[in-house]
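Okay, so here's the structure we're looking at.
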Amino acid sequence: MTHMTNAPQSTGGPAHAALYARHRAVMPDWLATYYERPIEIVRGEGRRVWDAEGNEYLDFFGGILTTMTAHALPEVTAAVSEQAGKILHSSTLYLNHTAVELAERIAHLSGIPDARVFFTASGTEANDTALLLATTYRRSNQILALRNSYHGRSFSSIAVTGNTAWSPTSLSPLQTLYVHGGVRSRGPYAHLTDDQFIAACVADLDDMLGQANGTVAALIAEPIQGVGGFTSPPDGLLAAFREVLDRRGILWITDEVQTGWGRTGEHFWGWQAHAQAGPPDILTFAKGIGNGLAMGGVVARAEVMNCLRADSISTFGGSPVTTAGALANLTYLLEHDLQGNARRVGGLLMSRLRSVAATSPVVREVRGRGLMIGVELVAPSTGEPSPQAAKLVLEAARERGLLIGKGGRPANVLRIAPPLTLTVAEAEQGAEIIEAALQDAAKQLE
Ligand code: PLP
């Protein structure tokens with residue numbers, strides 16, 4: 001077992017304890033934090049971050065899939081600083097050169113013909129807008145969504161979030177019909193082949209549409225469920241869904257908040273794994289595009305985007321600073337073929353983790369695409385999903401200087417999503433730490 005030479009030494013002093021006490025006293029109880037002693041991150045560079053005590057960590061969660069290229073990427077920092085020195089905010093009531101240029105590039109990249117782009121300040125606001133468009137365009141408040149989905153924390157995005165661990169209310173402004181197509185490793189469809197799985201999901205969709213009350217506005221789906229545990233449906237599922245939707249004029253919203261910008265390696269967007277399905281009617285994005293800046297957006301063909309009749313803006317959507325940073329970030333991503341890097345380094349990391357998994361009694365499955373890798377954990381004694389194992393692995397990895405995420409329901413899946421500039425050496429270093437952390441967890445669960 002190899003340890004990082006600079007693995008964290010400090011365990012947090014009184015200053016850390018005091019800050020955490022203040023955090024708990026003033027923040028909501030439901031605000032999620034990682035670790036028994038949450039880390040105070042104060043600096044980042046490349047694929048690494050440092051905490052307030054000077055400990056260094058390799059970041060395999062990329063912020064929370066927000067750091068798409070790298071922490072403190074000089075190109076993004078320079079663009080943001082330059083713009084911040086001129087003006088921080090002007091709003092969409094005025095023209096903004098970088099917003100127009102960024103929108104043109106995203107419209108082109110989206111593959112949606114005659115596309116219009118609306119910038120928001122988050123993924124939640126992007127999905128909220130997509131739902132507003134779809135329900136207005138189709139004059140229906142019925143929405144199809146995948147079981148176990150996560151689409152945000154506004155009232156309407158919660159209403160299409162099937163993962164109950166992430167939807168804090170069951171009151172709903174929408175009528176949502178949940179269909180199969182997300183989680184595959186468990187449940188009634190677990191034993192099916194890809195083709196059988198697709199057929200079963202389509203039958204479920206048909207069944208749900210039979211139960212709908214007249215017009216259905218849209219299906220919203222993450223091509224790979226993020227919070228849900230990096231579940232990858234078989235290629236072609238969304239194409240099969242699309243056929244059914246098209247017959248009824250139902251719109252398809254693809255939520256690319258986690259899967260966009262080449263993270264999945266083979267494709268620029270997650271939906272493209274189901275090529276015959278596309279292009280979608282509406283695409284939403286956020287997280288990685290701003291490399292940590294608060295930015296999201298919606299792309300839709302003009303007919304759908306322009307169905308709203310009232311004047312409307314997002315005060316912070318498309319602001320000069322966020323669009324300057326996002327444009328620099330996107331330019332870097334494309335010029336350095338980070339999608340290709342996600343494919344190559346992600347492939348190596350995936351096979352390395354699969355060989356680790358082969359001998360680990362706590363790993364049930366390693367899955368995903370590119371640099372979006374999920375490791376599903378179970379209790380060695382029962383083979384049942386083990387959120388406890390995920391907790392132990394996260395803590396053990398942190399002790400060795402590696403940050404990873406978790407998800408799934410229950411939260412038994414490690415989520416690995418480093419910045420897309422990850423090097424082979426860093427992938428190897430992270431895999432070694434994960435291997436050691438899995439061994440630790442297995443011992444503690446014995
Ligand atoms: N959609 C997906 C797929 C997400 O993973 C998230 C956040 O995790 C959201 C939407 C909500 O985005 P935000 O937290 O920026 O509002």
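Some notes on this structure:
- Test: Thr176 is touching a strand residue (DSSP E or B) at 6+ places or on another chain (Cβ under 7 Å), hydroxyl-bearing (Ser, Thr, Tyr) and within 16 Å of the ligand (Cβ to nearest atom): yes
- Restricting the first member to the range 267-295 and to residues that are over 30 Å from Ala79 (Cα atoms), and the second to residues that are of a type in the set (Ser, Thr, Tyr), the beta-carbon pairs closer than 6 Å and six or more apart or on different chains are Trp271/Thr254; Pro280/Thr254.
- Criterion: part of a helix (DSSP H, G or I) and within 13 Å of the ligand (Cβ to nearest atom) - qualifying residue of Thr161, Thr129: Thr129
- Residue selected from the range 261-281 under the condition in a helix (DSSP H, G or I) and in contact with a strand residue (DSSP E or B) (Cβ under 8 Å, 6 or more places away or on another chain), by the criterion nearest to the ligand (Cβ to nearest atom): Gly270
- If only residues of the range 185-225 that are away from the ligand (no atom under 16 Å from the Cβ), in a loop (DSSP other than H, G, I, E, B) and touching a residue at least 60 places away in the same chain (Cβ under 8 Å) are counted, the one that is surrounded by the fewest Cβ atoms within 10 Å (Cβ to Cβ) is Gly214.
- Looking only at residues in the range 139-158 that are farther than 21 Å from Leu237 by Cβ, within 13 Å of the ligand (Cβ to nearest atom) and surrounded by 19 or more Cβ atoms within 10 Å (Cβ to Cβ), the one that is farthest from the chain's Cα centre (by Cα) is Ser156.
- Residue that is modelled with the lowest pLDDT, among those in the range 205-259 that are among the polar types (S, T, N, Q) and closer than 30 Å to Ala390 by Cα: Ser232
- Residues located in the range 159-184, provided they are more than 19 Å from the chain's Cα centre (by Cα) and among the polar types (S, T, N, Q): Thr169, Ser170, Ser172, Gln175, Thr176
- Flag for Ala441 being buried (at least 22 other Cβ atoms within 10 Å of the Cβ), within 23 Å of the chain's Cα centre (by Cα), touching a residue at least 60 places away in the same chain (Cβ under 8 Å) and not in a strand (DSSP E or B): no
- A single entry from Thr67, Thr98, Thr92 fulfils the requirement of being farther than 13 Å from Leu293 by Cα, among the β-branched types (Val, Ile, Thr) and either in contact with a helix residue (DSSP H, G or I) (Cβ under 7 Å, 6 or more places away or on another chain) or within 16 Å of the ligand (Cβ to nearest atom) (or both): Thr98.
- Of all residues making up the range 109-142, the number that are over 25 Å from Phe155 (Cβ atoms) and in contact with a strand residue (DSSP E or B) (Cβ under 8 Å, 6 or more places away or on another chain): 5
- Residues satisfying the stated conditions in the range 375-402, i.e. assigned to a strand (DSSP E or B) and surrounded by 23 or more Cβ atoms within 10 Å (Cβ to Cβ): Val375, Glu376, Leu377, Leu402
- Just one residue in the set Asp246, Asp235 is free of Cβ contacts under 8 Å to residues at least 12 places away in the same chain and away from the ligand (no atom under 16 Å from the Cβ); that residue is Asp246.
- Filter result for Phe285 (crowded, with 24+ Cβ neighbours inside 10 Å, out of contact with any Phe, Trp or Tyr (no Cβ under 9 Å at 6 or more places or on another chain) and of a type in the set (Phe, Trp, Tyr)): no
- Residue under evaluation Gly123, criteria (1) within 16 Å of the ligand (Cβ to nearest atom); (2) in contact with a Ser or Thr (Cβ under 6 Å, 6 or more places away or on another chain), criterion not met: (2)
- Condition met for Ser167 (within 16 Å of the ligand (Cβ to nearest atom) and modelled with pLDDT of 95 or more): no
- Listing of helices (runs of 4 or more DSSP H) fully contained in the range 7-105 that carry 3 or more residues being in contact with a Gly (Cβ under 7 Å, 6 or more places away or on another chain): 62-65, 74-86
- Here the strands (runs of 3 or more DSSP E) wholly within the range 282-371 that include at least 2 residues being modelled with pLDDT of 95 or more and basic (Lys, Arg) are 363-369.
- For the range 245-267, the candidate set comprises residues that are under 15 Å from Gly368 (Cα atoms) and more than 14 Å from the chain's Cα centre (by Cα); within that set, the residue that is surrounded by the fewest Cβ atoms within 10 Å (Cβ to Cβ) is Glu266.
The values are calculated or read from the model by the stated rules, or taken from the named source; none is laboratory data. Note that this is a predicted model, so its numbers are computed, not measured. Methodologically, a virtual Cβ is constructed for each residue, glycine included, from the backbone with ideal geometry; neighbour enumeration extends over all protein chains shown.
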